[in-house]
Each structure stands twice: as structure tokens, then as C-alpha cells.
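Visitor: I am attaching a structure below and will ask some questions about it afterwards.
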Amino acid sequence: MRQLYLAATAVMTIAATTSVFAAQHTSPGSSPASCHEAVNGLVSLLDGKMDNTALYRETFTTVVNTCGPAVPAQPAQPAAAPDRSACDDLATAMTDLIEDDKMNTADFVKARNAFAQSCAPR
């Protein structure tokens, strides 16, 4: 049953990633609905311990690069190995902000950046 759930989640994530990717090429940012689906896909992939897959890498990149307002690139900071234990909570925080219609706010950018720094693909 868990395999079926993970397979269904992967299919939904691919569909969301595809729609987010298409939106990326037609508009400056992705819709809240597309980002919501993509972030939920990330949560499912994290829950399934699938954060070392190509699907996770693609979805992660799409969310980080197209969801929410664009911000100037920040210089890379030397950091210790990220603490991945908070990845599920960070992704859930992004979902909550999208559901609260706050995707285009500084709070979403802060949550997205924290997720990007701590939960990059392996």
C-alpha cells in the first residue's frame, strides 16, 4: 500500500513539476496552485526518504527557482552540513504560507530560502 501511495505521489509530483515548468516559460513566476502541488510533492518525497532521486532534484529546483517572488542571488556562505531533520517542517511551512495566500511575501521567501539551504538534493 505504501508503494502505491509513493507511486501516486510521484505521478502527481511529475504533473505538478511539469505544470510549474510550463508556467516558468510563460510567466515570471508560478501560480500558487502549481507551487502548492510541487511543495506537497516534496513533502511526500521527503516522507518516503526519496530526497536523493532525480524527481526530488527537479521538483526542488522548480520550487526554489519559480515559486514566490524572485530575489537577488545571495553569495554562497561556507556552512557546515545542513540539518536535514527540519526539511519536512520547512516544506510544510511553505505549504501553509501558500494556503494562506502569502506566496508573494517576504515570509515565503524566508521559508523558501531556509528550505533551499537545508534541504538541497543529495
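Visitor: Report the gain in length on full extension from ASN113 to THR61: 0.36 nm times residue separation, minus Cα-Cα distance, nm rounded to one decimal. Kindly include the intermediate steps, with their values, before the conclusion.
Guide: Numbers: separation 52, 0.36 × 52 = 18.72 nm, distance 1.19 nm.
Extra length from ASN113 to THR61 when fully extended: 17.5 nm.
Visitor: Another one. Run the quick spin-label model on ASP89 and ALA54: label points 7 Å from Cα toward the beta carbon, then report their separation in nm to one decimal.
Guide: Using points 7 Å along Cα→Cβ, the separation is 3.4 nm.
Readers should treat all values here as calculations from the given coordinates under stated rules, not as data from a laboratory. Remember, predicted model here, so these are calculated numbers, not experimental data. For neighbour counting, all protein chains shown are included, and Cβ atoms are generated from backbone atoms with ideal geometry for every residue, glycine included.
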